[in-house]
Ligand SMILES: Nc1ncnc2c1ncn2[C@@H]1O[C@H](COP(=O)(O)OP(=O)(O)OP(=O)(O)O)[C@@H](O)[C@H]1O
Ligand SMILES: [Mg+2]
């Protein structure tokens, strides 16, 4: 600690008296320190140039921290000049705080805990109000002893209020990106680390860490390699902080499959990146209950295990809510709008059945795009090993899974933090890295004729692939370049194929049209009417050997598509090859008497297609995706 001697001479109290009243164990060097370390990037690396601690004999204080009048401070306690006890060990009020909107003022307190580590806490000013019950409870919980006589409580309040920190920092209750820095509970990473603090008392996201990068790479990283589902889940965890960098939408992936196939294990793999096994959440919640959890996972991965535990009616709402990135605006008792929760998150989910099955069970109409918000992944890799592609010399897949679970529960957190360190160091380079790979993935795997939802889904798979590649590029995974991309390509191919097999939104929409035509055959006029009869749904006409149902746009909107988006339905009909339209349009003119109105023209062959089979277009798409993935 160079230069400490000279600085110590200027350390006096505001009233000009010496800073400490009683001196015990006076040491000439500064080996026994009681003051806080400088505000710094707590994950290591160089501290930002904020403040250096200054030694005065047996103490180290922040340079701009002045003992308030009427108090004296020693390593083991703060007391008033009249010897009224305030707290033990000594804590320092090192900064005033306020949030991004210059509200919610507070103070940052720092002290050395019983392990000898420096600990800090952002205290809300209103906690000083009244009997200070909450403040006192929080200090006690943090391991500080405080007095509880009236005099001691008064001294505690006065000590905090009369400490006049020179520094001011921003406090936030949001985790995730704040400009180029990343805020986590108890840890800020990035260039602004010295000037921001997380101020939540309790967070739904715990910053857990066990093992180091090397051990994670050697065990979790190497076991997951060549196991597409595990690589993908890990890459998705790296992907969540990348959403903001790309301004990409929130959304999830749902590992769907029979019991004991390894679904929860995949979620554990993701959680080993950051958060750890304790961060796995249950679907057993409500949309309202999930809002605070989602916000606590802003820019972080969120793992939701076992969709079957959720009330079917809530499932769709939750999928929608999470992907939409914001909760409902709530009113307080006086009908004032209260805080609205916001987040950007990539979430992983698990369960035995796909999202739409739960929605159907609850008689909920699947809203357009609901399933694209939670993309279905077949958990079984189809190799006879459940979720695994490769058991890597283990006797059985069960043994591999058990060993992997143990590894993921013993090594977590370090790679995620290292990833954020690298990401915050050069966001622009990371953005470029990801952007290039997302574009490459999409152009390699998405057929040009695909509808919008395929592109949307592909972009999410692509972002996961790119984030996994970025982590490998940073040297964190031990995977070969291309590993994360191959995993994502295999899963995207599977998604496309299952979309084809099971029908997804497209088949459901075709069924809407079939149902309407079949039930309203008598409302289609044939021949060449001079005008449209009342209650008519449209015309049935011949078209080069084909029969076409011409549906009036108003009927299309109000009747055919009353449970879905008219534009999405027409898009699906077109994609499946049943739409006939004028050049450059989705509708078609047809003369009726003296008028030439537009209709939606649907090939009658739509009625012949069995409900569980898909039109030609999508099957081609799925096959293309599989080929490119292979
Ligand atoms: N791929 C696998 N091969 C063999 N056994 C497995 C496999 N995956 C999981 N298991 C067995 O199932 C147990 C639970 O694993 P996990 O929780 O990942 O399965 P899951 O698919 O989530 O099951 P559930 O549907 O019950 O939630 C493991 O401890 C293991 O014994
Ligand atoms: Mg499970």
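Points worth noting:
- Applying the condition of being within 13 Å of ligand 2 (Cβ to nearest atom) and not in a helix (DSSP H, G or I) to the stretch 303-312 and asking which residue is surrounded by the fewest Cβ atoms within 10 Å (Cβ to Cβ) yields 306.
- Residue among 517, 555 that alone is touching a strand residue (DSSP E or B) at 6+ places or on another chain (Cβ under 7 Å), free of Cβ contacts under 8 Å to residues at least 40 places away in the same chain and surrounded by 19 or more Cβ atoms within 10 Å (Cβ to Cβ): 555
- Condition check for residue 382 on (1) more than 25 Å from the chain's Cα centre (by Cα); (2) modelled with pLDDT of 95 or more; (3) on the phi > 0 side of the Ramachandran plot: one failure, at (2).
- When residue 294 is tested against (1) part of a helix (DSSP H, G or I); (2) in contact with a strand residue (DSSP E or B) (Cβ under 6 Å, 6 or more places away or on another chain), exactly one condition is not met: (2).
- Only one of the numbered conditions (1) touching a helix residue (DSSP H, G or I) at 6+ places or on another chain (Cβ under 8 Å); (2) closer than 27 Å to residue 402 by Cα is not met by residue 214, and that is (1).
- Any helices (runs of 4 or more DSSP H) falling wholly within the stretch 145-251 and containing at least 3 residues that are modelled with pLDDT of 90 or more and within 30 Å of residue 382 (Cα to Cα): 228-246
- Elements of the type strands (runs of 3 or more DSSP E) sitting completely within the stretch 29-105 and holding at least 3 residues that are in the same structural domain as residue 162 (by TED's automatic domain parsing) and either surrounded by fewer than 16 Cβ atoms within 10 Å (Cβ to Cβ) or at pLDDT below 75 (or both): these cover 54-56, 59-61.
- Test: residue in the stretch 555-566 that is at pLDDT 85 or above, in the same structural domain as residue 600 (by TED's automatic domain parsing), more than 39 Å from the chain's Cα centre (by Cα) and part of a strand (DSSP E or B): no
- Of all residues in the stretch 265-302, those being closer than 18 Å to residue 235 by Cβ and within 11 Å of ligand 2 (Cβ to nearest atom) number 5.
- Some residue of the stretch 242-251 being buried (at least 19 other Cβ atoms within 10 Å of the Cβ) and over 25 Å from residue 494 (Cα atoms): yes
- Applying the set (1) surrounded by fewer than 21 Cβ atoms within 10 Å (Cβ to Cβ); (2) at pLDDT below 90 to residue 591 leaves exactly one unmet item: (2).
- In a residue-by-residue description of the stretch 284-295, the property of being within 25 Å of residue 247 (Cα to Cα), crowded, with 24+ Cβ neighbours inside 10 Å, away from ligand 1 (no atom under 16 Å from the Cβ) and modelled with pLDDT of 95 or more applies to no position.
- So residue 262, is it touching a residue at least 40 places away in the same chain (Cβ under 8 Å) and within 22 Å of residue 211 (Cα to Cα): no
- Every residue from the stretch 387-417 that is crowded, with 23+ Cβ neighbours inside 10 Å, outside any helix (DSSP H, G or I) and near ligand 1 (Cβ under 10 Å from one of its atoms): 387, 388
- Residue satisfying all of: in the stretch 252-266; part of a loop (DSSP other than H, G, I, E, B) and touching a strand residue (DSSP E or B) at 6+ places or on another chain (Cβ under 7 Å); nearest to ligand 1 (Cβ to nearest atom) among these: 262
- Boolean, residue 444 is assigned by TED's automatic domain parsing to the domain that holds residue 387 and either at pLDDT below 95 or in contact with a strand residue (DSSP E or B) (Cβ under 8 Å, 6 or more places away or on another chain) (or both): yes
- Hits in the stretch 227-256 (condition: within 20 Å of residue 394 (Cβ to Cβ) and within 15 Å of ligand 2 (Cβ to nearest atom)): 229, 230, 233
- Taken over the stretch 418-456, the criterion of being within 21 Å of residue 509 (Cα to Cα) and part of a helix (DSSP H, G or I) is satisfied by 452, 453, 454, 455, 456.
The values are calculated or read from the model by the stated rules, or taken from the named source; none is laboratory data. Just so it is clear, the model here is predicted, and its values are computed rather than measured. Glycine also receives a Cβ, built like all others from the backbone with ideal geometry; neighbour counts cover every protein chain displayed.
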